[in-house]
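Participant: Below is a structure I'd like to ask you about.
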């Protein structure tokens, strides 16, 4: 991010958010993030499905509403609505990076991985759809990423995404049955063509559905996602030339973490105390929050200045509180020792 900021300042880069290149770049980054999140959902996700479904439906909406309410008190502008959704998700890349050394039980790790993978597509799609509402609230109108702007457009967009996913499923079955060798090369080439088509026509829900079944090369998907993460962070830094809203970013970061604590506390009842603590403190932001900030920037010019420091604040709070929980509260309770026979 700092490299992007330095580059923009030294090169005198102006406002790039109005260009068609910027639009398709952001849609491409978002598509990579959505595909990666959906394809990262493990097959055994059916276990604890009730908790995960509550977390990524009602939980995401409650988190977004709580964050939006706090931000509306702070800035009193329609942008508060989309800011709440932009940082409401848990970053699956961050979860995957830290979960190996975590003291969470295997069950809690699975819940967190599935939660983080599912809520990325949910929040990304909510931002695209609800931004139209925020723009109407501002008396501007329109939508972002060429998304739907009214009820009939929503239905048409939903139908197009479902049709795209259905066609992709048929193509996936056909590719798997083909005798072309090497098979994986064909699968990857077809996947790239499908993603390019989805980016061209902004079929983001279709991309998320595609990731549920079309998984030809997990290693390549991981490399592409990390590359997209670096590129998105660099672009975020470029847009910080106009300044950083530290106070509003602090409010957004604290609100996001607080909303996660409340929602996780409510939906993890019945789980062991140590696991509940880790899930309550699990809010982390990464590629999806960054790309959503880039997505919203053309229509809401304050977005990057607020979301960038919020991401930093959320992740710092997560590191500090999780370390505290591990050291002082979350460590497994040692088994009681057998009494020592004084006569032995």
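A short reminder: the numbers here are calculations on the coordinates, not readings from a lab. All values reported here derive from a predicted model rather than from experimental measurement. Neighbour counts are summed over all protein chains in view; Cβ atoms, including those assigned to glycine, are modelled from backbone coordinates with ideal geometry.
Participant: So how far, in whole Å, is the C-alpha centre of segment 215-269 from the one of segment 178-201?
Facilitator: Comparing the Cα centres of segment 215-269 and segment 178-201, I get a distance of 29 Å.
Participant: Still on this structure: Given the options 174, 96, 308, state which has the largest fluctuation in a GNM of the chain using a 10 Å cut-off (strictly under) for Cα springs.
Facilitator: Looking only at 174, 96, 308, the largest GNM fluctuation is found for 174.
Participant: Test of understanding: in a Gaussian network model of the chain with alpha carbons linked when under 10 Å, which of 215, 200, 276 would top the mean-square fluctuation ranking?
Facilitator: Greatest mean-square fluctuation among the candidates belongs to 200.
Participant: Here's another thing I want to ask about it. Taking the number of other C-beta atoms within 10 Å as the exposure measure, put 172, 115 in order starting with the fewest.
Facilitator: With the fewest neighbours first, 172, 115 line up as 172, 115.
Participant: On to the next question. State, as an integer percentage, the relative contact order of segment 246-323 based on alpha-carbon contacts under 8 Å between residues 6 or more apart.
Facilitator: For segment 246-323, the relative contact order is 47 percent.
Participant: Per-residue counts of other Cβ atoms within 10 Å, averaged by peptide: what ranking do you get for 186-194, 218-226, 60-68, 280-288, highest first? Provide the component values of the computation, followed by the final result.
Facilitator: Numbers: 186-194: 16.3, 218-226: 14.1, 60-68: 22.1, 280-288: 25.8.
Most protected by this proxy first, the peptides run 280-288, 60-68, 186-194, 218-226.
Participant: Indicate the gyration tensor shape class of the chain (rounded, prolate or oblate), computed on the Cα atoms with a ≥ b ≥ c the square roots of the eigenvalues: a/c under 1.5 is rounded; otherwise a/b larger than b/c is prolate and the rest oblate.
Facilitator: Cα axes put the chain in the oblate bin.
Participant: Tell me what the chain gives for mean residue ellipticity at 222 nm when only DSSP H runs of n ≥ 4 count, each as -39,500 (n - 2.57), the sum divided by the residue total, rounded to 500 deg cm²/dmol. Walk me through the numbers before you get to the answer.
Facilitator: Values: 15 runs with 237 residues, N = 344.
Helices in the chain give a 222 nm mean residue ellipticity of -23000 deg cm²/dmol.
Participant: I would also like to ask the following. Neighbour counts of other C-beta atoms within 10 Å: give me 32, 79 arranged from fewest to most. Working shown, then result.
Facilitator: Details: 32 23, 79 26.
Result, fewest neighbours first: 32, 79.
Participant: Let me ask something else. Determine the gain in length on full extension of the stretch residue 328-residue 246; use 0.36 nm per residue of separation and subtract their C-alpha separation, reporting nm with one decimal.
Facilitator: Stretched fully, the residue 328-residue 246 segment lengthens by 26.4 nm.
Participant: Would you look at the GNM of the chain, springs on alpha carbons closer than 10 Å, and say which of 154, 278, 129 moves the most?
Facilitator: Checking each option, the largest mean-square fluctuation is seen for 154.
Participant: Let me ask another. Between residue 167 and residue 16, what FRET efficiency comes out of the Förster formula 1/(1 + (r/R0)^6) with R0 = 35 Å and r the beta carbon distance, rounded to 0.05? Before the final figure, lay out each step's value.
Facilitator: Values: r = 34 Å, r/R0 = 0.96.
FRET efficiency, residue 16 to residue 167: 0.55.
Participant: Most exposed first by the Cβ proxy, i.e. fewest other Cβ within 10 Å, how do 261, 230, 1, 71 rank?
Facilitator: Ordered from fewest to most neighbouring Cβ atoms within 10 Å, 261, 230, 1, 71 come out as 230, 261, 1, 71.
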